[in-house]
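Student: Let me give you the structure first, and then I'll get to my questions.
The values are calculated or read from the model by the stated rules, or taken from the named source; none is laboratory data. Small disclaimer: the values here were computed from a predicted structure and weren't measured. Using ideal geometry, Cβ is built from the backbone for each residue, glycine included, and neighbour counts are taken over all protein chains shown.
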Amino acid sequence: MPKGSDLLVRALEDEGVERIFGIPGEENLDVVESLRTSKIELVLTRHEQAAAFMAATYGRLTGKPGVCLSTLGPGALNFTTGAAYAHLGAMPMIIITGQKGILKARQARFQIVDVIASMKPITKMARQIVSASSIPTIVRDAFRVAMEERPGPVLLELPEDIAAEEAEAFAVPSHPIDIPVAHPRSIEHAARMILAAERPLIMLGAAASRPRATGELAGFVQRTQIPFFTTQMGKGTVAGGAHLYMGTAALSERDYVHEAIDQADLIIAIGHDTVEKPPFFMGQSGQKVLHVSYIPANVEEVYYPDAEVVGDLGPSLKLIAERVEGRLENAGALLPLRQRILDHITDRAGEDRFPVTPQRLVRDVRRVIPEDGIVCLDNGMYKIWFARNYRTYVANTLLLDNALATMGAGLPSAMMAALLYPQRRVMAVCGDGGFMMNSQELETAVRLKLNLVVLILDDSAYGMIRWKQAVDQFPDYGMTFNNPDFVLYAKAYGATGHRVEAVDDLVPTLDRAFAAGGVHLVAVPIDYSENTRVLVDELSEKVRDLTPAA
């Protein structure tokens, strides 16, 4: 007769799970034994947080839940940041944690933490399994909840005595669930708003990057010929090289793309999720906003749409396009602003001073990454520059986190991308601070024989906070540190290390690393003085130029 752990693994196989990421403990040993004889690969990481980031990134890239595993107490609590990352970022994920036996308490309260209560605020569902025979049903429900809009993480806690309990249970079959199309009345209202607009503008947000949606989004943009911009997490949903692309809102206001936003009289916000740092503030320029997404808008101080179209994005947008195609005389009214916006964004991208500037760094990374190559960002000052300057041509090829915005996720997310797409070029871009938070996963990457380049931006500081400290006119204090020799550090893990010593060496070094295969660490010093020159002084001057005289 099968044990509870056998039923769990069998149910995971039925859901199509191929890999589980994590660090098992004593309370998971029955599950480990069931995995040993299954089709599922156990990918051992060096920290539970990295396992959660990898599982969440699997969900982000495939639309299907990634799965991670830990023991009870300290191991389970190490999943909290990854759970919040998936929860805010709308990434489907299944978290499986162990627990002491619940039928007897032979170890009293040793290592016991109420993980269910701890995880409830940062998961869609958190439940303890109390009967082996219920496992197939619970697993099926967990996958369904994780994938339903809005996607996110689900926690299942499996006590060791339930894992060892013998039981019979029938498999629970899965079936596809189609998302309803928006109501015809909201489709008609949206079409009227678009037809009446004199200066329409499309905004593509985080939910627009769901794998299921991107093809029909491009069709909507092409059929309407309305120019578009993206939020940070909406990059790539429509080819960034398209003649209608106006830029990315890397800041909330004052940037050059906000010239188009401020002049628009209607913004069609497709897939906007207010977990993202606001791409613009409503109410400042008086434009109307049409919210089009899988779920209703969250009304916020900075976002309160005038109308909503709620339903499956692709089919709903197709219906709207059918009603407005060929009838939008003002579709391109904002396009004359496009070249000026993009020229400003690419200003000084060819600058040859060293240490390298952010603009040059972004340009050089774009040169070595093919259109389908994937760049995974950690969190730091460079994220603003990549969001602003990096042109994307394929959906989900620039992975950044503008929701939880946690440090430490860049390397694990790139490892997941490299596992999924071994034939593509995959690069992690990390600040030295964020890299060192999960740098131990280099061993995991080498053990998995990944082809991966990790670009470390070396300024020996928590650069974003240090910059904000300076902008707020506080003394420079408490943000600097010393780094290891990254070349030797890479070698210690069995990877290959490089240090860029001149600006013209960056592209050749990256190309050689990709050509050689394996795991490479490339450290490059970076000059963040451009943060103040562009993002403070230049943009402040732009605002003064645009402000009418009293």
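Student: Going by the structure shown, is ASN389 at pLDDT 90 or above and either at positive phi or touching an Asp or Glu at 6+ places or on another chain (Cβ under 7 Å) (or both)?
Tutor: no
Student: Same structure again: Could you run through the stretch 159-186 and say how many residues are under 30 Å from ASP306 (Cβ atoms) and in a helix (DSSP H, G or I)?
Tutor: Counting residues in the stretch 159-186 that are under 30 Å from ASP306 (Cβ atoms) and in a helix (DSSP H, G or I) gives 3.
Student: Does LEU419 count as in a loop (DSSP other than H, G, I, E, B), in contact with a helix residue (DSSP H, G or I) (Cβ under 9 Å, 6 or more places away or on another chain) and of a type in the set (A, V, I, L, M, F, W, C)?
Tutor: no
Student: If ARG109 satisfies every condition in (1) outside any helix (DSSP H, G or I); (2) modelled with pLDDT of 95 or more; (3) among the charged types (D, E, K, R) but one, which is the exception?
Tutor: (2)
Student: Moving on. Given (1) under 26 Å from the mean Cα position of the chain (by Cα); (2) among the hydroxyl-bearing types (Ser, Thr, Tyr); (3) farther than 24 Å from TYR256 by Cβ, identify the lone condition not met by SER209.
Tutor: Status for SER209: all satisfied but (3).
Student: Keeping to the stretch 87-99, report how many residues are within 17 Å of GLU157 (Cβ to Cβ) and either outside the structural domain of ASN28 (by TED's automatic domain parsing) or of a type in the set (A, V, I, L, M, F, W, C) (or both).
Tutor: 4
Student: More than 14 Å from the chain's Cα centre (by Cα) and among the hydrophobic types (A, V, I, L, M, F, W, C): does that describe ILE374?
Tutor: no
Student: Can you work out which of the residues in the stretch 467-509 that are modelled with pLDDT under 90 and of a type outside the set (S, T, N, Q) is nearest to VAL429 (Cα to Cα)?
Tutor: Within the stretch 467-509, the match that is nearest to VAL429 (Cα to Cα) is TRP467.
Student: Only one of these conditions is not met by TYR393: (1) under 29 Å from ARG212 (Cβ atoms); (2) surrounded by fewer than 20 Cβ atoms within 10 Å (Cβ to Cβ); (3) touching a residue at least 40 places away in the same chain (Cβ under 8 Å); (4) outside the structural domain of PRO508 (by TED's automatic domain parsing). Which number is it?
Tutor: The single condition TYR393 does not satisfy is (4).
Student: Let me ask something additional. Name the helices (runs of 4 or more DSSP H) wholly inside the stretch 31-90 in which the number of residues that are over 19 Å from VAL275 (Cβ atoms) is 3 or more.
Tutor: Hits in the stretch 31-90: 48-62, 73-77.
Student: For the stretch 396-406, name all the residues that are buried (at least 23 other Cβ atoms within 10 Å of the Cβ) and in contact with a Phe, Trp or Tyr (Cβ under 8 Å, 6 or more places away or on another chain).
Tutor: LEU398, LEU400, ASP401
Student: Further question: Would you tally the residues in the stretch 303-344 being of a type in the set (S, T, N, Q) and outside any helix (DSSP H, G or I)?
Tutor: Summing the residues that are of a type in the set (S, T, N, Q) and outside any helix (DSSP H, G or I) in the stretch 303-344 gives 1.
Student: Next up: I'd like to know if the stretch 127-150 contains one or more residues that are among the basic types (Lys, Arg) and free of Cβ contacts under 8 Å to residues at least 40 places away in the same chain.
Tutor: Within the stretch 127-150, one or more residues are among the basic types (Lys, Arg) and free of Cβ contacts under 8 Å to residues at least 40 places away in the same chain.
Student: Which of (1) under 30 Å from THR45 (Cα atoms); (2) touching a helix residue (DSSP H, G or I) at 6+ places or on another chain (Cβ under 6 Å) does PRO358 not meet, given it meets every other one?
Tutor: (1)
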